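Everything on this sheet refers to the single structure shown next.
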Amino acid sequence: MLEILKQSSNPDICMPLVQAVKEKAKEYYHVYGRKPAFMEVCGSHTMALAKSGVKQSLKDDVNLISGPGCPVCVTDQQSIDAMITLADGENRIICTFGDMMRVPGSSGTLMEAKTTGRDIRVLYSPTDAIRIALENQDKQVIFLGIGFETTIPILSILIEEANRLQLGNFTVWMTTKLVEPILRYLLDAGDVRLDGFILPGHVSIVLGEDSYQYLPNEYGISGVISGFEPAELLSGIYKLLNLSLKNQPLIENDHPSIVTKSGNTVAKEWMDRYFTPCDEAWRGIGVIKDSGLDIKEEFSSFNAKKRFQIEMREPKKTKCRCGEVIRGLISPEECRLFGKACNPLNPIGPCMVSAEGSCSAFYQFMRESV
Ligand code: SF4
């Protein structure tokens with residue numbers, strides 16, 4: 001496997017692939033009179049395309065647009081505000097992932113709240129939240145549950161374990177997101193012309209190839225499930241170009257060693273056991289119907305939204321344009337704050353905070369090329 005990965009970033013393999021993609025893109029231009037536009041759905045793809053130089057190499061040939069698949073970037077202000085309000089209460093411990101600490105809410109970040117003495121802890125493994133709850137039975141432990149279908153099964157395990165241990169001091173604040181509703185939202189809105197999707201490698205392990213059939217069947221658009229190495233990305237883009245030129249919308253699985261047709265049925269069963277669809281707010285977009293998951297009623301004792309009555313504030317308007325970035329409406333450098341008021345040391349929006357955010361990727365790897 002390591003050898004395959006090494007080969008996938010070998011310039012002797014990648015450079016001919018870049019050339020092949022450029023040739024195919026020329027054919028596309030000849031037929032349609034414009035560059036093709038493909039959206040990468042996943043934040044890891046956004047970072048891989050920028051870091052490997054694939055995006056820069058193809059900038060004159062293919063319009064590669066970053067999409068809404070970075071879980072930190074799409075987390076709404078209200079969930080951050082709620083966590084800060086929760087941390088204000090007596091005897092509470094907030095647990096979250098490192099990236100979330102610097103994501104701005106309406107009036108501050110979890111990091112700032114921590115510096116004022118609130119007990120907010122960064123976890124490397126979500127299961128540490130259970131250990132913390134066991135060790136602090138006099139305190140309420142609240143875990144901020146973010147992520148897409150890749151992470152959600154882990155949250156099921158947390159609830160299973162909390163239930164088995166009959167923990168009365170552990171809850172999850174769910175602000176998870178689902179891939180299908182956001183892709184449907186983007187396609188229904190029709191604000192960006194898209195000719196295909198580079199579909200996420202990780203999420204697809206859970207969802208499976210068949211879960212994307214609505215793209216060709218209902219929207220007439222293709223998708224290629226791709227890995228993360230340069231050669232894999234280039235191969236995915238080449239296949240999308242081929243499908244577009246044939247005008248033959250299809251889902252192709254270019255990551256078959258890991259992604260199966262039906263996905264991980266065990267993980268899906270775990271999600272079904274504990275969660276039910278709910279409307280969910282997306283940063284800079286607003287609420288999308290049934291685009292998230294909430295904890296089922298029978299496990300509501302582990303639902304932080306039910307246990308703690310937090311008044312949700314309206315999101316505050318800011319100059320950050322992350323909402324437009326994650327919808328593919330603008331590229332990061334079109335935001336007037338990019339690289340000036342907003343940079344990795346002083347991020348104004350989550351797309352600059354996140355290790356997978358478009359603004360962060362653009363700042364780190366693509367500034368010189370604009
Ligand atoms: Fe938001 Fe900063 Fe990106 Fe602008 S550059 S969209 S302020 S994260």
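The values are calculated or read from the model by the stated rules, or taken from the named source; none is laboratory data. These figures come from a predicted structure and were not determined experimentally. For neighbour counting, all protein chains shown are included, and Cβ atoms are generated from backbone atoms with ideal geometry for every residue, glycine included. We work out accessible area using only protein heavy atoms, side chains counted, and drop any ligands, DNA or RNA first. Shrake-Rupley method; radii C 1.70, N 1.55, O 1.52, S 1.80 Å.
Annotations for the structure displayed:
- Rolling a 1.4 Å probe across the protein heavy atoms gives the range 189-271 an accessible surface of 40 Å² per residue.
- Close Lys pairs in the range 220-370 (alpha-carbon distance under 21 Å; sequence gap of 8 or more, or different chains): 10.
- Accessible area expressed per residue, the range 323-370, with surrounding protein chains retained (probe 1.4 Å, Å²): 46
- Summing +1 for each Lys or Arg and -1 for each Asp or Glu among the other residues whose beta-carbon sits under 10 angstrom from that of MET39 gives -1.
- The range 256-370, relative contact order [Cα under 8 Å, separation at least 6], %: 14
- Relative contact order computed over the range 23-146 (Cα-Cα under 8 Å; 6+ residues apart), in percent: 21
- Total lysine pairs whose alpha carbons fall under 19 Å of each other in the range 1-142 (8 or more apart, or interchain): 14
- Between ARG367 and ASP188, the distance separating the two model label sites (each 7 Å from Cα on the Cα→Cβ line) works out to 3.9 nm.
- For the chain, the carbon plus sulfur part of the accessible surface works out to 51%, probe radius 1.4 Å.
- Relative contact order computed over the chain (Cα-Cα under 8 Å; 6+ residues apart), in percent: 23
- Accessible area expressed per residue, the range 1-147, with surrounding protein chains retained (probe 1.4 Å, Å²): 43
- Across all directions, the average flat footprint of the convex hull enclosing the Cα atoms of the chain is 18.5 nm².
- The chain, helix-only ellipticity at 222 nm - DSSP H runs n ≥ 4, -39,500 (n - 2.57), divided by all residues, nearest 500: -12000 deg cm²/dmol
- Alpha carbon centroid spacing (whole Å) that separates the range 62-112 from the range 203-254: 31
- Gap separating the Cα centres of the range 327-367 and the range 6-61, nearest whole Å: 21
- Rolling a 1.4 Å probe over the protein chains gives CYS320 an accessible area of about 40 Å².
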